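Below is one structure, written out as structure tokens, with a few remarks after it.
The values are calculated or read from the model by the stated rules, or taken from the named source; none is laboratory data. Only a predicted model underlies this, so the values are computations on that prediction, with no experimental measurement involved. Cβ atoms come from the backbone with ideal geometry, glycine included; neighbour counts cover every protein chain shown. All accessible areas refer to the heavy atoms of the entire protein, side chains included, with ligands and DNA or RNA removed. Shrake-Rupley method; radii C 1.70, N 1.55, O 1.52, S 1.80 Å.
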Amino acid sequence: MSSIFDDQADFMFRGEQSVGRYNHKQVQLYASLMAEEFKEFFHAVDNEPLQNQVKEAIDLIVVTAGFLHSMG
């Protein structure tokens, strides 16, 4: 069974992103994606059905995993 962290690392590797070492450019990218996903999540919580709220929460987990991989 794979984990979200393993899946995200595989996705990043296939996209030629670095995993497991600090990459300042990627850190900035994923921090920006996290900010965008937080906005989408809070909008969904206030305005959208439960299914969309869950989708946005998962998106937050995925971009956070990318951020952590980019931090090394």
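Quick notes on this one:
- Cα-based radius of gyration of the chain once divided by 2.2 N^0.38 Å, which approximates compact folds: 1.17
- In the chain, the GluC sites (Glu not before Pro) that fall in loop regions by DSSP, at most 12 other Cβ within 10 Å: E16
- A 1.4 Å probe run over the chain, with the rest of the protein chains in place, finds 71 Å² accessible per residue.
- Mean separation of Cα contacts under 8 Å (6+ apart) over length of the chain, as relative contact order %: 53
- Atom-type composition of the exposed protein surface of the chain places 61 percent of the accessible area on carbon and sulfur (1.4 angstrom probe).
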